[in-house]
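The values are calculated or read from the model by the stated rules, or taken from the named source; none is laboratory data. Remember, predicted model here, so these are calculated numbers, not experimental data. Ideal geometry is used to build each Cβ from the backbone, glycine not excepted, and the neighbour counts take in all protein chains shown. What goes into the accessible areas is simple: the full protein's heavy atoms, side chains included, and nothing from ligands, DNA or RNA. Shrake-Rupley method; radii C 1.70, N 1.55, O 1.52, S 1.80 Å.
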Amino acid sequence: MSLSLEEEIVVLLKSGDKKAIALLYENYSGALLGVIKKVISDDDTAQDVLQEGFVKVWKKSKSYDSSKAKLFTWLYRIFYNSAIDKVRSLNNKTQKEIQIEDSNVYKLTTNSLNQDTLDIKKHLCSLDLKYQIVINALFFEGMTQQEASEELDIPLGTVKSRLKIGLRELKKIYNP
C-alpha cells in the first residue's frame, strides 16, 4: 500500500529526515505564504516569516500528532502564529522609536480630527491580542462576524465573545 503525500511527509518528519522539509516547501510553501500575506503585506518580511516558519516546523516536527489535526491545519497554525508574532515584535520595535520627522501633528487642523476616535488605535493596542485581532477584523477591515470567524479560523461564538469582551474593555477606557 502506497502512502499519500501527506502521510509520507509525516513519516519523514517523525523520523527526522530532512527530505520532509523539502517536500513541505515544494508542496505547501505557496499556500503558507498566502496565510502569512493575510497578516503581513510586506513581501520581504513575509518571506522571512516563511523561512522562520519552516525552522519552527522542523524543531516541532516530532510533536505533530495526526490524530489532533491534519498536517495543513498544524502548518497553518504555526505559520499564522509566526506572522502574528512578527507583527507584534515589529510593532513593539516601532513604538520604541521616536519618528519626529514623520509626524503629521503640525499639519492637522482641528476640523479634520474626530475627537471620539483619535486615540482608538492606541487604546486598542492595550487590549489582549485576541481581542485586538477580532475588533480589527470587524471594525477596521470591514468583515462580518461570519467572515472573521472563517478568516481567523475561530468559531463564530468565540468571535462574538471576544468582540463583546474587547468592547467592554474599551468602554472602561473611554468611560472610567
Kindly check whether there is at least one residue in region 19-37 that is closer than 18 Å to Ile133 by Cα, of a type in the set (Lys, Arg) and modelled with pLDDT of 90 or more. yes
Output yes when any residue across region 127-139 is open to solvent by 50 Å² or more (accessible area, probe 1.4 Å), out of contact with any helix residue (DSSP H, G or I) (no Cβ under 9 Å at 6 or more places or on another chain), of a type in the set (Lys, Arg) and in a helix (DSSP H, G or I), and no when none is. no
Subset of region 159-176 (residues that are surrounded by 15 or more Cβ atoms within 10 Å (Cβ to Cβ) and either at pLDDT below 85 or in contact with a Gly (Cβ under 8 Å, 6 or more places away or on another chain) (or both)): Leu170
Among the residues in region 22-30, are any under 13 Å from Phe72 (Cβ atoms) and either open to solvent by less than 30 Å² (accessible area, probe 1.4 Å) or in contact with a strand residue (DSSP E or B) (Cβ under 6 Å, 6 or more places away or on another chain) (or both)? yes
Restricting attention to region 21-41, report how many residues are without any contact (Cβ under 8 Å) to a residue 40 or more places away in the chain and under 18 Å from the mean Cα position of the chain (by Cα). 6
Run down Val11, Val49, Val57 and say which single residue is modelled with pLDDT of 85 or more and either open to solvent by 50 Å² or more (accessible area, probe 1.4 Å) or at positive phi (or both). Val11
Which ones in region 142-176 are assigned to a loop (DSSP other than H, G, I, E, B) and over 24 Å from Thr73 (Cα atoms)? Gly142, Asn175, Pro176
Can you tell me which residues in region 1-31 are closer than 16 Å to Lys70 by Cα and acidic (Asp, Glu)? Glu6, Glu7, Glu8
With respect to Leu156, determine if the residue is surrounded by 11 or more Cβ atoms within 10 Å (Cβ to Cβ), at pLDDT 80 or above and in contact with a Ser or Thr (Cβ under 7 Å, 6 or more places away or on another chain). yes
Which residue out of Lys56, Lys70 is in contact with an Asp or Glu (Cβ under 8 Å, 6 or more places away or on another chain), in contact (Cβ under 8 Å) with a residue 24 or more places away in the chain and within 21 Å of Leu152 (Cβ to Cβ)? Lys70
